[in-house]
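The values are calculated or read from the model by the stated rules, or taken from the named source; none is laboratory data. Please read all numbers here as calculations on a predicted model, not as lab measurements. For neighbour counting, all protein chains shown are included, and Cβ atoms are generated from backbone atoms with ideal geometry for every residue, glycine included.
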Amino acid sequence: MPVSTLPAQILTAGAEAADGLLRVRRIGKSFGPARVLQDVSLDLKAGEILAVVGENGAGKSTLMKILAGIHEEYDGEIALSGAPVRFTGVRDAERRGIAIIHQELNLVPGLTVAENIYLGREPMRFGLLVDRKALSAAAGKLLVELGIRIDPAAQLGRLRIGEQQLVEIAKAISVGARILIMDEPTSALSPGETETLFAIVRRLAAEGVAVIYISHRMDEIMALADQVMILRDGRHVLTAPIEDLTHASIITAMVGREVTSARQLHEIKAEEPVLAVKGLWLDVMTRRGAKRVIDNVSFAVRPGEIFGIGGLLGSGRTEILETIFGAGSGQSGGEIRLAGKPVVIASPQRARALGLAFVPEDR
């Protein structure tokens, strides 16, 4: 990405000193009687990718919300480029160059991709009307530069959760953050989308943007991070360069004890399948007419078996599960058998009555 295409605030990040972009000292936070953070400190350099890891409840998200201006009451000190700061809200933190991407999406389904990216910052004509042509052009240019293949005119609510996550990332980058906080950003992304995200993060780091990256996925941390900071029970355990750490040492620091892994495999008996699908198909209507998104899918799942379905975004994974559960949008056909008996599942209510449960990607 040419430097000239980035938001202006990002360009200033490369001019930051080699150290001292963010300095945090003795941060503490309580919710009522519960102390969730105690004497947490960190340092972040321009262009550095810092992974923050810890078990659920370790205080990661609370610390990030303090840095992003969401929690205004806390103990301790924060300094940006050597100057003490105390944010009065999210907008204040954004004005100073800190943006956060939450695990829960903060977007408006009824607006377009472009409108979501520049919500509250739309280009105006005569100071009164939104310049929609300029809005679409700016969003389209940003998405192309980031390698995100999404139509800026598409309604956000019609996109898959993984695509919406990429829009959230583009929105955060569009404010020109010097520090970008990412809380479990790949939780809903496919492997291909995750690689796109990694390319974006590395590109921004090369331009001087510092990234704080929260994840439970060890492979992501080992592949992306320069430094790893570990929290346990609201306290800072250690910070070390990634090359000095291993999967095992990170996990040991997270839980406070050495962990041994033993995977137990069990034999699947040749019993009659509890679920059998044969010749499943699904047609959905588009502006160009009917489109077949599932074609002649067949499989069987036996008692005690864990059956995986893999594929890239748009390959039909979700549509297969929705169709089986009676929640598919379109015309479908094929045969579904439960415990050997053919069934017709026309609605989620019918699926539940038959003993099926469905956990969708949008929790």
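Remarks
- Note on the range 209-234: among residues that are part of a strand (DSSP E or B) and touching a Gly at 6+ places or on another chain (Cβ under 8 Å), the one that is nearest to Val40 (Cα to Cα) is Leu231.
- In the range 123-160, residue modelled with the lowest pLDDT [restricted to those that are in contact with a strand residue (DSSP E or B) (Cβ under 8 Å, 6 or more places away or on another chain) and part of a loop (DSSP other than H, G, I, E, B)]: Pro123
- In the range 160-179, the count of residues that are of a type outside the set (D, E, K, R) and over 30 Å from Gly59 (Cα atoms) is zero.
- A count restricted to the range 332-351 and to residues that are within 19 Å of Ala300 (Cα to Cα), surrounded by 13 or more Cβ atoms within 10 Å (Cβ to Cβ) and not β-branched (Val, Ile, Thr) stands at 7.
- Test result for Val301, at pLDDT 90 or above and either within 31 Å of the chain's Cα centre (by Cα) or within 30 Å of Gln103 (Cβ to Cβ) (or both): yes
- For beta carbons closer than 6 Å, sequence separation of 6+ or different chains, a first residue in the range 271-284 that is touching a residue at least 12 places away in the same chain (Cβ under 8 Å) and a second that is of a type in the set (D, E, K, R) and surrounded by fewer than 16 Cβ atoms within 10 Å (Cβ to Cβ), the qualifying pairs are Glu271/Arg302; Pro273/Arg302; Lys278/Glu335; Trp281/Asp295; Asp283/Arg292; Val284/Lys291.
- When the range 102-111 is filtered for residues that are at pLDDT below 85 and touching an Asp or Glu at 6+ places or on another chain (Cβ under 8 Å), the ones remaining, listed by number, are His102, Gln103, Leu105, Asn106.
- Given (1) at pLDDT below 90; (2) surrounded by 12 or more Cβ atoms within 10 Å (Cβ to Cβ); (3) of a type outside the set (A, V, I, L, M), number of the condition Arg288 does not satisfy: (2)
- Options Ala114, Ala93, Ala99; residue that is touching a Ser or Thr at 6+ places or on another chain (Cβ under 7 Å), outside any loop (DSSP other than H, G, I, E, B) and at pLDDT 90 or above: Ala114
- Under the condition of being hydroxyl-bearing (Ser, Thr, Tyr), farther than 23 Å from Glu271 by Cα and either touching a Gly at 6+ places or on another chain (Cβ under 9 Å) or free of Cβ contacts under 8 Å to residues at least 24 places away in the same chain (or both), the residues counted in the range 296-334 number 2.
- Selection count where residues are assigned to a loop (DSSP other than H, G, I, E, B) and either more than 21 Å from Glu48 (Cβ to Cβ) or not assigned by TED's automatic domain parsing to the domain that holds Ile117 (or both), scope the range 166-208: 4
- Residue selected from the range 123-177 under the condition within 23 Å of Val90 (Cβ to Cβ) and polar (S, T, N, Q), by the criterion surrounded by the fewest Cβ atoms within 10 Å (Cβ to Cβ): Ser174
- Residue list for the range 200-216, restricted to those being under 18 Å from Met64 (Cα atoms) and not small (Gly, Ala, Ser): Val201, Val209, Val211, Ile212, Tyr213, Ile214, His216
- Flag if Glu163 is more than 23 Å from Glu243 (Cβ to Cβ) and part of a helix (DSSP H, G or I): yes
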